[in-house]
Amino acid sequence: MNNVLVYAEHRGGQTRKVTFEMATEARRIADALGGKALALVVGAGSAQLAEQLKNYPLDTIYVNDDADVDKFLLDPVVDYVEAAAKAAGPSLILIPNTLAGRDVAGRLVARLGAGIGADVTDFHIENGVVTCVSPKMGGALITTCALKNADYAIATIRPNAFSVAPSATGAQVQPIEKPAGKTYSAVIESDVDEESSGEMALEEAAVVVAGGRGLGGPEPFDTLLKPLAHALGGAVGASRAAADAGWVSYSLQIGQTGKTVTPSLYVAVGISGAIQHKVGMRASGTIVAINKDGAAPIAEFSDLMVVGDAFSIVPELTKLVESAKKEAVS
């Protein structure tokens, strides 16, 4: 195993930022192993997205603008990644650690007889052996696991874990044939989560503004949190309590049974900070909590705890951020 293959996940014509992070890291790993860095992009708009990827240090970009990728659930994607892996030869396959990416990775493990490293934040390569560094238990434990000796290995990559370093190296765009004899039945009827409607992917946001039970209902997520998130150039998230109450989609849930986020700035509004939520955001750079209860558990692991009425504090904070942005532009 000396090549590295990146699966370029994209939504609504936009390539996920983690794809560029993986492309950059793929080059480093491939150079250490004496192999090639490759990528696969399939589905509507793939040709245009491949042009973006040519700005990164890849050798080959496999492409197929196949409408079935967008029409059906993940089965066509799994088939294409498998085909690209076999075209590339023995490889380490990098896949985003997203809801869809984890599903794709799990199926490929079975198909390719591969080992897997999950939620990887770093790689060590020594004497041709690749080990994966992964936080566990919400970052309380860091594991380093060697990949088994096999032709293929898979690693799901945590968004924001690796740097992005554009470097055009003359990557060749190569068509990849549609896997023959495949039929699919699970059709996508609609896609209504926050990402498909143009919102920033929560796992990739540099700033997350999250709300909890303390907001009292669904309206503040739109009227209170979203303006602050947009002012900061970030995304809105939620605690499990808010999702269970039906105030927001479960796609916004952060925590042990939701998404893990690692933004530079995490603003928790009306969230008590129970362990279930903590494990999904504790690796954030700076944590700011706004809560009327100064003794809430989140105070123990926040960098800044603001005690008071969120309905008064957040609008004023939003105004200050917007004012600072205007001053910076002028």
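A few notes on this one:
Yes or no, residue by residue, for (1) surrounded by fewer than 13 Cβ atoms within 10 Å (Cβ to Cβ); (2) closer than 25 Å to THR262 by Cβ; (3) acidic (Asp, Glu):
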| position | (1), (2), (3) |
| --- | --- |
| ALA283 | no, yes, no |
| ILE290 | no, yes, no |
| PRO297 | no, yes, no |
| GLU300 | yes, yes, yes |
| VAL307 | no, no, no |
| ALA310 | no, yes, no |
| VAL314 | no, yes, no |
| VAL321 | no, yes, no |
| LYS326 | yes, no, no |
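- Filter result for ASP293 (among the acidic types (Asp, Glu) and more than 26 Å from LYS136 (Cβ to Cβ)): yes
- Candidates ALA235, ALA245 - the one that is under 14 Å from MET281 (Cβ atoms) and among the small types (Gly, Ala, Ser): ALA235
Residue-by-condition table, conditions (1) of a type in the set (A, V, I, L, M, F, W, C); (2) under 22 Å from THR121 (Cα atoms):
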{"residue": "VAL78", "(1), (2)": "yes, no"}
{"residue": "SER91", "(1), (2)": "no, yes"}
{"residue": "LEU94", "(1), (2)": "yes, yes"}
{"residue": "ARG102", "(1), (2)": "no, yes"}
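- When we screen GLU51, GLU82 for residues that are part of a helix (DSSP H, G or I) and either modelled with pLDDT of 95 or more or buried (at least 20 other Cβ atoms within 10 Å of the Cβ) (or both), the only hit is GLU82.
- In the range 227-251, the qualifying residues are those that are over 15 Å from GLY216 (Cβ atoms) and polar (S, T, N, Q), and the one that is modelled with the lowest pLDDT is SER251.
- Of all the numbered requirements in (1) in contact (Cβ under 8 Å) with a residue 24 or more places away in the chain; (2) not hydrophobic (A, V, I, L, M, F, W, C); (3) not in a strand (DSSP E or B), TYR62 misses one, and that requirement is (3).
- Of everything in the range 1-22 that is part of a strand (DSSP E or B) and polar (S, T, N, Q), the residue that is farthest from LEU40 (Cα to Cα) is GLN14.
- Filter result for ASP79 (over 28 Å from ASN149 (Cβ atoms) and either in contact with a Lys or Arg (Cβ under 7 Å, 6 or more places away or on another chain) or of a type outside the set (A, V, I, L, M, F, W, C) (or both)): no
- Scanning the range 252-286 for residues that are in a strand (DSSP E or B) and without any contact (Cβ under 8 Å) to a residue 40 or more places away in the chain, we see that the one that is nearest to PRO218 (Cα to Cα) is GLN253.
- Selection from the range 163-193 of residues that are touching a strand residue (DSSP E or B) at 6+ places or on another chain (Cβ under 8 Å), surrounded by 12 or more Cβ atoms within 10 Å (Cβ to Cβ), at pLDDT 85 or above and part of a loop (DSSP other than H, G, I, E, B): ALA171, ILE176, LYS178
- Close Cβ contacts (under 8 Å, 6 or more residues apart or on different chains) running from residues in the range 120-148 that are under 19 Å from ASN2 (Cβ atoms) to residues that are assigned to a strand (DSSP E or B) and charged (D, E, K, R) comprise CYS132/ASP122.
The values are calculated or read from the model by the stated rules, or taken from the named source; none is laboratory data. Computed from a prediction, not measured in an experiment: that's the story for all the values here. Ideal geometry is used to build each Cβ from the backbone, glycine not excepted, and the neighbour counts take in all protein chains shown.
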